[in-house]
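The values are calculated or read from the model by the stated rules, or taken from the named source; none is laboratory data. Predicted model, so just to flag it, every value in this text is computed and none were measured. Note that we place each Cβ from the backbone using ideal geometry, even for glycine, and neighbour counts take in every protein chain shown.
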There are 2 protein chains.
Amino acid sequence: MTAPDTRGRLLLMPNTLDLGAAEVPLTDVLATGVILAASRLLHWVVEDARSARAFLNRVNKVAPLAQPLQQTQIAELPRPPKGAPRPAQPAGPSPWAALLAPALAGHDIGLLSEAGLPGVADPGALLVAAAHELGIRVVALSGPSSITLAIAASGLNGQSFVFHGYLPAESGARRARLRELDATSRQLQQTQVFIETPYRNAAMLETCLEALQPGTRLAIACGLTLAEGWAHTRGVAQWKAAKAVLPDRVPAVFSLLG
Amino acid sequence: MTAPDTRGRLLLMPNTLDLGAAEVPLTDVLATGVILAASRLLHWVVEDARSARAFLNRVNKVAPLAQPLQQTQIAELPRPPKGAPRPAQPAGPSPWAALLAPALAGHDIGLLSEAGLPGVADPGALLVAAAHELGIRVVALSGPSSITLAIAASGLNGQSFVFHGYLPAESGARRARLRELDATSRQLQQTQVFIETPYRNAAMLETCLEALQPGTRLAIACGLTLAEGWAHTRGVAQWKAAKAVLPDRVPAVFSLLG
């Protein structure tokens, strides 16, 4: 027998994939129950407070917020050191415990990322880890992740895949890494997935077409869930022939299978 | 200039994660816009016709179907040979072209899996690949995948992860594979994700606790999106001490990071 848990929970709140720029209705991307849950939360930990407020304004139009936005507590996640692939785990638990204090005091906390699911390809994972260590219940609410949507749309192997995040920025290292992923995908029949910052989409495609075998299938999902979004899967040779140009302001997910 | 595309699209329709068993409201898991899209479709390709009809009955309660269910065309995906990890690509395109015929004739087709996103850890990927080859537009609708929800809930590294599908069923091979995943995860700081059929959940946990290093973190997300669902991340030594028992009828996703 354990005493009833009087602590609040950490709710992993999915965000849209439009980075606030597009006019996709919130109700096309998030479940009503999830929007309602967002409207009730008084405590948030977020990647960026400004865009979190924009998200809550969108929520408010569908499900009025339980309290005015000005009174909602919005704390930001520690920012990773510039250039670091992911934030280092601090020595002590203190910054995470402070962020999770409302849950220890009995209030649910929402964790919100800039896009998609918090903790997947963003800095929220360390807060989730801290919640587990403190015995705070973690609840992942249903919502989209551009990674699995891109895999679904690719038609490549969805039974075995790797997500690599960002590839090296330096062009020689990037080319070498792409060759390595191509060989691995061929050997293991394992889809290799990675992302790029939107303004480098076109350069990434160019490097892919240089570095990959002509028969490798390359899938690009651009602007997932957006009205102008598209997903194409073609052999590298066909991509070359198609002379596709990727937009520089819309997120893209790249997947390949040799 | 290209002629306007008069072909229909292949809409990748997310399903709930409850396998039809639980009483989770559809509107807690799927966006209203997605449910509406489902209600309008007259042509479906599905993993299992019976559960697809059950899904459409749930849709009908939220958004009345555009035509009676009896008149909706529901075709099943070819079943993979028993024991095959994934269906082999047939020599000719014919079975897929037949399934995609409505799109070639101008109608949208919905692709539906038993749970989550079609084409991710299910046999739908080959239909998506065929659609790309036939130049049919593929649109992934926003919805949950248990894989990315489990990674979000784990607090493990969500910037670098691998999904392996099912591990070998034979106990020696499974133990060896788990040791290999443990070592890889430690070396690359890459989260290793896999699934098991629910009635083997308890045995899988047992084998994990035998095969993994005591300091490896093991995350289990059980019954994601369900009211009785939970997600815990603990060191292997703590899992042993916790003497957790996994339910045998609820899907679980396992993730580890050494």
Only one of (1) at pLDDT 95 or above; (2) within 11 Å of another protein chain (Cβ to nearest Cβ) is not met by residue A:186, so which one is it?
(2)
Assess whether residue B:50 counts as being of a type in the set (Lys, Arg) and over 11 Å from residue B:110 (Cα atoms).
yes
Looking only at region A:104-114, which residues are surrounded by fewer than 24 Cβ atoms within 10 Å (Cβ to Cβ) and within 14 Å of chain B (Cβ to nearest Cβ)?
A:114
So which residues in region B:131-156 are surrounded by fewer than 24 Cβ atoms within 10 Å (Cβ to Cβ) and facing another protein chain (nearest Cβ under 7 Å), if there are any at all?
B:132
Taking region B:188-209 as the region of interest, how many residues are part of a helix (DSSP H, G or I), under 23 Å from the mean Cα position of the chain (by Cα) and hydrophobic (A, V, I, L, M, F, W, C)?
5
Among the numbered conditions (1) touching a residue at least 40 places away in the same chain (Cβ under 8 Å); (2) over 27 Å from residue A:243 (Cα atoms), tell me where residue A:160 comes up short.
(1)
Scan region B:243-256 and give yes if some residue there is away from chain A (no Cβ under 12 Å), in a strand (DSSP E or B) and over 20 Å from residue B:116 (Cα atoms), otherwise no.
yes
Tell me, please, whether a residue that is away from chain A (no Cβ under 13 Å), more than 20 Å from residue A:192 (Cα to Cα) and of a type in the set (A, V, I, L, M) can be found in region B:161-174.
yes
Can you tell me which condition residue B:55 does not meet? The list is (1) in contact with a helix residue (DSSP H, G or I) (Cβ under 7 Å, 6 or more places away or on another chain); (2) of a type in the set (A, V, I, L, M, F, W, C); (3) surrounded by 16 or more Cβ atoms within 10 Å (Cβ to Cβ), and all the others hold.
(1)
Filtering strands (runs of 3 or more DSSP E) wholly in region B:1-80 for at least 1 residues that are facing chain A (nearest Cβ under 10 Å) and touching a strand residue (DSSP E or B) at 6+ places or on another chain (Cβ under 8 Å) gives B:10-13
Given (1) more than 8 Å from chain A (Cβ to nearest Cβ); (2) at positive phi, number of the condition residue B:121 does not satisfy:
(1)
For region B:210-235 the number of residues that are within 14 Å of chain A (Cβ to nearest Cβ) and either in a helix (DSSP H, G or I) or of a type in the set (Phe, Trp, Tyr) (or both) is 1
Check on residue A:226, under 30 Å from residue B:225 (Cβ atoms), surrounded by 19 or more Cβ atoms within 10 Å (Cβ to Cβ) and in contact with an Asp or Glu (Cβ under 8 Å, 6 or more places away or on another chain)
yes
